[in-house]
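The values are calculated or read from the model by the stated rules, or taken from the named source; none is laboratory data. On a predicted model such as this, the values are computed, not experimentally measured, just so you know. Don't worry about glycine lacking a Cβ; one is built from the backbone with ideal geometry, like all the others, and counts go over all protein chains shown.
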Amino acid sequence: MRYRAIIFDLDGTLIDQFKAIHQAFSKTIEDMGYQAPTYHEVRRAVGGASEATMTLLIGKERAKEAVARLRPNFEKVMLKGVTPLPYALESLERLTRAGLKTAVLTNKYGPHARATCDHLGFSDYLEFTLGADDTKWKKPQPELTDHVLAKLEVSASDAVYIGDSPYDFKTAKNAGLECILVPTGTHSADELYSLGSTTVLQDLNQVTNKLLTPNAQDA
């Protein structure tokens, strides 16, 4: 096998938590006197840290205040409104059993990301889950990805990043990692193909098959 470590994004890659995300963002924004955003507006805005998403939805002036209000709202619904994406748990299990290290690197607030991974049984197979506020960096800053590689004790050439968005592509590119994208989150396959030099596969089953049998056809 070519790689020693597989690093995953979380939302849209391993999990579907957009129902809970939309509910929490909508309540927070409406409580602050703004018009509640649509599901589509929230879905397209996520990817960066919560403050970046809030800035896109309501502007920069009150974004920090909104994030402080958002977290307790999200905690009330986050585990009720989350499901693993197809093949997520199976893929983590297969990769781990094959001797590969797996980890999650996300801009979701770290404690929320770890609680979600614990809830879905992902943490049994992960070296760690690292999210927003766990370090001073956020995706796509290369210092953050370098920190993750150091924790995994691998070089960039020994790892691959799995994500679902242009943001994930930029995270991998900034750190010199290869990237595999799946159209299971915020962007279509055509949008992901348009990024250029990256691999786009249909789902995590195809991703895992490619990683474990790199010379075989994706299936």
> Taking into account only those residues within region 163-199 that are in a strand (DSSP E or B) and either of a type in the set (Phe, Trp, Tyr) or under 15 Å from the mean Cα position of the chain (by Cα) (or both), which is nearest to Leu105 (Cα to Cα)?
Replying inline: Gly163
> How about region 64-78: which of its residues are within 15 Å of Asp133 (Cβ to Cβ) and surrounded by 18 or more Cβ atoms within 10 Å (Cβ to Cβ)?
Replying inline: Val67, Leu70, Phe74
> In region 137-155, what residues are assigned to a loop (DSSP other than H, G, I, E, B) and under 16 Å from the mean Cα position of the chain (by Cα)?
Replying inline: Trp137, Lys138, Lys139, Pro140, Gln141
> Among the residues of region 179-187, is there at least one that is in contact with a Leu (Cβ under 6 Å, 6 or more places away or on another chain), without any contact (Cβ under 8 Å) to a residue 24 or more places away in the chain and buried (at least 23 other Cβ atoms within 10 Å of the Cβ)?
Replying inline: yes
> Considering Arg62, Arg71, which residue is in contact with a strand residue (DSSP E or B) (Cβ under 9 Å, 6 or more places away or on another chain) and free of Cβ contacts under 8 Å to residues at least 60 places away in the same chain?
Replying inline: Arg71
>> Here is a check on your reading of the model: is Gln202 polar (S, T, N, Q), modelled with pLDDT of 95 or more and part of a helix (DSSP H, G or I)?
In response: no
>> Restricting to region 111-136, and then to whatever is assigned to a strand (DSSP E or B) and hydrophobic (A, V, I, L, M, F, W, C), can you tell me which residue is nearest to Leu70 (Cα to Cα)?
In response: Ala132
> From Asn205, Asn107, which residue is under 15 Å from Asp11 (Cβ atoms) and either touching a residue at least 60 places away in the same chain (Cβ under 8 Å) or hydroxyl-bearing (Ser, Thr, Tyr) (or both)?
Replying inline: Asn107
>> I'd like to check something: does region 12-26 contain any residue that is farther than 23 Å from Cys117 by Cβ and of a type outside the set (Asp, Glu)?
In response: yes
> Are any residues in region 35-62 at pLDDT 95 or above and surrounded by 19 or more Cβ atoms within 10 Å (Cβ to Cβ), and if so, which ones?
Replying inline: Pro37, Met54, Thr55, Leu57, Ile58
>> Being among the small types (Gly, Ala, Ser) and either under 25 Å from Glu51 (Cα atoms) or in contact with a His (Cβ under 6 Å, 6 or more places away or on another chain) (or both) is true for just one of Ala88, Ala132, Ala150. Which residue is that?
In response: Ala132
